[in-house]
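Data first, discussion second: the structure below is written as C-alpha cells.
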Amino acid sequence: MVVNDEMELGRAIRARRKKIGMTIAELASVIPCSARLLSELERGRRGASIAVTLRLLQMLGLEMDVYGSEEGPRSR
C-alpha cells in the first residue's frame, strides 16, 4: 500500500491494530505514547514525531520505504 497523506496512514495503522487485536490503550502503553495521540493519528488529525511513528510501525509489523523523486514505488 502506498500512503500519500495522514488520513491514509491513520487508516493503515487502525486496520493493522484491529487485525492484531489491540486496543488503542494497549498499543499506547507499549509505544509509549498517549491513547489520545494514537486516536488522533488514526483519524488523520494530528502528526507524531518520526520516532513515535517509527516505533508504532515497528510494533504493528508495518514497514516504511523511502523513495527519491525519480524512483517512485512503481519503478522497483
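Conditions (1) touching a Leu at 6+ places or on another chain (Cβ under 8 Å); (2) modelled with pLDDT of 95 or more, marked per residue:
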| position | (1), (2) |
| --- | --- |
| G10 | yes, no |
| K18 | no, yes |
| T23 | no, yes |
| S49 | no, no |
| L57 | no, no |
| G68 | no, no |
| R76 | no, no |
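Please determine, by comparing only the residues of the range 38-51 that are assigned to a helix (DSSP H, G or I) and farther than 16 Å from M22 by Cα, which one is least open to solvent (accessible area, probe 1.4 Å). Selected residue: E40. Annotation note: Cβ proximity below 9 Å between a residue of the range 63-76 that is within 19 Å of A12 (Cβ to Cβ) and a residue that is open to solvent by 90 Å² or more (accessible area, probe 1.4 Å) and modelled with pLDDT under 60 (sequence gap 6+ or interchain) occurs for D65/R76; Y67/R76.
Which residues, taken from the range 16-37, are free of Cβ contacts under 8 Å to residues at least 24 places away in the same chain, open to solvent by less than 70 Å² (accessible area, probe 1.4 Å) and in a helix (DSSP H, G or I)? Scanning the range 16-37 gives I24, A25, A28, A35, L37.
The values are calculated or read from the model by the stated rules, or taken from the named source; none is laboratory data. No experiment lies behind these values; they were computed from the predicted model shown. Note that each Cβ is placed from the backbone with ideal geometry, even for glycine, and that neighbours are counted across all protein chains shown. Only protein heavy atoms, including side chains, enter the accessible area calculation; ligands, DNA and RNA are left aside. Shrake-Rupley method; radii C 1.70, N 1.55, O 1.52, S 1.80 Å.
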